[in-house]
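What follows is a single structure, written as structure tokens, with notes after it.
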Amino acid sequence: MMAAARMAFASCGRAHLLLPSSSSTPILARTPVGCGGIAKSISFLAPSSAARSTKHAALFCSCTSSSSEAVVAPPPTQSTVEEKKPAAGAEEKGEVSVGELAGLLDIRVGRVVKAWLHPEADTLYVEEVDVGEEQPRTICSGLVKYLSLDQLQDSNVIVLANLKPRNMRGIKSNGMLMCASDASHENVQLLTPPEGSVPGERVWFGSEDDKSLQSEPATGNQVQKKKIWESVQPHLKTTDNCIAVLGEHPMRTSAGKVFCKSLQGAGVS
């Protein structure tokens, strides 16, 4: 009986147990199923005076409702389940592919018109690079260990042009020369546009037709804040033919594919 009483308490929520002055065990009066998980006001009514005169107290549970029938929530329909079920790919909503991020980079054909050693840093060159603007850009590059000034002077290069400018030992660098390097970073070579490429042309990845799909480049602040370059760079490499690629998509200008001199399977940075 005590177990039945506890079950009644668990199913009805709040209970007031009316006990007689004696220590006799209460009797549970079963009621029709009506509480059914539906929140209603619960009352425990004392038995009639006749019942009080007995040695036992009867426990009554009543659930107030606008109808005498039990109210049961309808099961969810198939359409309701489908509405609540996340759409395919919802977890990926808002994510941007590496290809789309690469499209936000302003990578251009350039030509080094002047190069010299940085006066305050033994490992840095300073270059003036024609990238199709009114004035050449000043760019600092840590290439002293890998290239001679003669190799750099008048060379055709690939420039990442929308990095946020950086102060490098007193000279503001406004871009980066893109290079291929082996895993040990002991061998570094400039990425080179194919012959006939025009300084200032924006580079893209993919087929010849993909040029028209380029988006507007991000600002330098956006590239830095959203870490666009850091997200794209690990996916850049060179092939067995020394072609620079993003995944499997070649880096291109209107004149053809961008390449390095001889490094195969190298990283690009």
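Among the residues of segment 193-219, how many are crowded, with 17+ Cβ neighbours inside 10 Å and within 21 Å of the chain's Cα centre (by Cα)? Reasoning before the result, please.
Going through segment 193-219, the residues crowded, with 17+ Cβ neighbours inside 10 Å turn out to be 193, 197, 199, 201-206, 217-218.
Checking the rest, the ones that are also within 21 Å of the chain's Cα centre (by Cα) come to 217-218.
Matching residues across segment 193-219 total 2.
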Restricting attention to segment 236-254, which residues are within 15 Å of GLY265 (Cβ to Cβ) and surrounded by fewer than 17 Cβ atoms within 10 Å (Cβ to Cβ)? THR239, ASP240, ASN241, GLY247, GLU248
Can you name the condition, by its number, that SER262 falls short on among (1) over 21 Å from VAL198 (Cα atoms); (2) among the hydroxyl-bearing types (Ser, Thr, Tyr); (3) surrounded by 15 or more Cβ atoms within 10 Å (Cβ to Cβ)? (3)
If I go through segment 125-140 residue by residue, how many of them are under 14 Å from ARG111 (Cβ atoms) and part of a loop (DSSP other than H, G, I, E, B)? 5
Please state which of the following conditions GLN222 fails to meet, knowing it meets all the rest: (1) at pLDDT below 95; (2) open to solvent by 60 Å² or more (accessible area, probe 1.4 Å). (1)
All positions within segment 98-138 that are under 24 Å from LEU236 (Cα atoms) and surrounded by fewer than 16 Cβ atoms within 10 Å (Cβ to Cβ): GLU100
In segment 145-154, is there at least one residue being crowded, with 17+ Cβ neighbours inside 10 Å and not in a loop (DSSP other than H, G, I, E, B)? yes
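The values are calculated or read from the model by the stated rules, or taken from the named source; none is laboratory data. This structure is a prediction, so every number in the text was calculated from the model and none was measured. For neighbour counting, all protein chains shown are included, and Cβ atoms are generated from backbone atoms with ideal geometry for every residue, glycine included. Areas reflect the complete protein model, heavy atoms only, side chains present, ligands, DNA and RNA absent. Shrake-Rupley method; radii C 1.70, N 1.55, O 1.52, S 1.80 Å.
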